[in-house]
Structure formats: structure tokens, C-alpha cells
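J.: Take this structure first; my questions come after.
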């Protein structure tokens, strides 16, 4: 079973491999955080039934890109867009290794502000249903009786 933190860890590893000198903050930045850096946030998840034991899961994350700022607290928009494009490139492969699995992913540019840029990530995979364990102790049917009538 893949957890929220498993995907966070995989995204973090990809960012650190490309940008080893940058700090990656998880879910919150401190008051005076370092720049350039990244903020990695879990946004939401949904699960849909696929079978008795399987669900399809979709998880959403956002990577916020922070570059250096000037005296007016503005970042160079060209630098922001270049970094945004490079981060998008990290996740354009279609799959990310999460624990022992390859998880399907999509990435998109989430926007640009005066001091930051965003990349939205979506992960889709099938996973085991967690609420079926209670049924494992039930006995199997021993006989089945049927009656067929012609109408």
C-alpha cells in the first residue's frame, strides 16, 4: 500500500537529485526560510472502487518554487519560469518510482506569482482496499443448492 508520505519522499528525492544545494520544505515553510528552495505540499486524494479488493487512487501535490528576491520582494520572472520548466521536466517521464512501484503521474504549470512559481503533480495508481481484512476470517461456502424452473 502506498501512503501520502511515500509519494512525498519520492518527489523530494527527485528534487534533491536535480537541486542538491536547495532546501525542500514539506507542507510548511518557516518564517525566514532559505531561498532558493522548494515547498512540497500534499493537496488531496481520492479513491474509487475498482473491485472488491482494489481501489484506484489519485493523489495531488504542489511544488512551490522560491528563487532569490530583490528589495521589493520580487523574483526574476525569467528565472522562476526556467526553474518551473526544469521541475516540470523532472516529472514529464510519466512515471515516478515510489517504494517498489512505478506510479503514473502528470505534471502541469500551476502558475507564477511575483516571488514564486507552482508545479502541480497528479499521481494515479491501483492499491489494495484496506477494509477487506475483516472478511478474511469468514468460512467459505461448503455447499450450494439451486432450483431451476422452466417458464
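The values are calculated or read from the model by the stated rules, or taken from the named source; none is laboratory data. Given the structure is predicted, the values throughout are model-derived calculations rather than measurements. Because the Cβ atoms are built from the backbone with ideal geometry, glycine has one as well, and the counts that use them run over all protein chains shown.
J.: For residue 109, indicate whether it is farther than 17 Å from residue 9 by Cα, touching a residue at least 24 places away in the same chain (Cβ under 8 Å) and in contact with a helix residue (DSSP H, G or I) (Cβ under 9 Å, 6 or more places away or on another chain). Walk me through it before giving the result.
T.: Values: farther than 17 Å from residue 9 by Cα: yes; touching a residue at least 24 places away in the same chain (Cβ under 8 Å): yes; in contact with a helix residue (DSSP H, G or I) (Cβ under 9 Å, 6 or more places away or on another chain): yes.
For residue 109, the condition - farther than 17 Å from residue 9 by Cα, touching a residue at least 24 places away in the same chain (Cβ under 8 Å) and in contact with a helix residue (DSSP H, G or I) (Cβ under 9 Å, 6 or more places away or on another chain) - is met.
J.: With 60, 42, 25, 73 as the choices, which residue is closer than 22 Å to residue 112 by Cα and touching a helix residue (DSSP H, G or I) at 6+ places or on another chain (Cβ under 7 Å)?
T.: The unique qualifying residue is 42.
J.: Anything in region 28-42 that is under 16 Å from residue 120 (Cβ atoms) and either part of a loop (DSSP other than H, G, I, E, B) or without any contact (Cβ under 8 Å) to a residue 24 or more places away in the chain (or both)? List them, or say none.
T.: 41
J.: To continue, here is another question. Within 19 Å of the chain's Cα centre (by Cα) and either crowded, with 16+ Cβ neighbours inside 10 Å or under 13 Å from residue 87 (Cα atoms) (or both), is that true of residue 66? Break it down stepwise before answering.
T.: On the way: within 19 Å of the chain's Cα centre (by Cα): no; either crowded, with 16+ Cβ neighbours inside 10 Å or under 13 Å from residue 87 (Cα atoms) (or both): yes.
Criteria not met by residue 66.
J.: Got at least one residue in region 48-62 being part of a strand (DSSP E or B), more than 18 Å from residue 130 (Cβ to Cβ) and without any contact (Cβ under 8 Å) to a residue 60 or more places away in the chain?
T.: Taking every residue of region 48-62 in turn, at least one turns out to be part of a strand (DSSP E or B), more than 18 Å from residue 130 (Cβ to Cβ) and without any contact (Cβ under 8 Å) to a residue 60 or more places away in the chain.
J.: Among (1) at pLDDT 95 or above; (2) assigned to a strand (DSSP E or B), where does residue 12 come up short?
T.: In the conditions (1) at pLDDT 95 or above; (2) assigned to a strand (DSSP E or B), residue 12 misses (2) alone.
J.: Return the only residue of 58, 21 being surrounded by fewer than 16 Cβ atoms within 10 Å (Cβ to Cβ), modelled with pLDDT of 95 or more and over 14 Å from the mean Cα position of the chain (by Cα). Before you say what the answer is, go through the steps one by one.
T.: Values: 58 fails: over 14 Å from the mean Cα position of the chain (by Cα).
Matching residue, one of 58, 21: 21.
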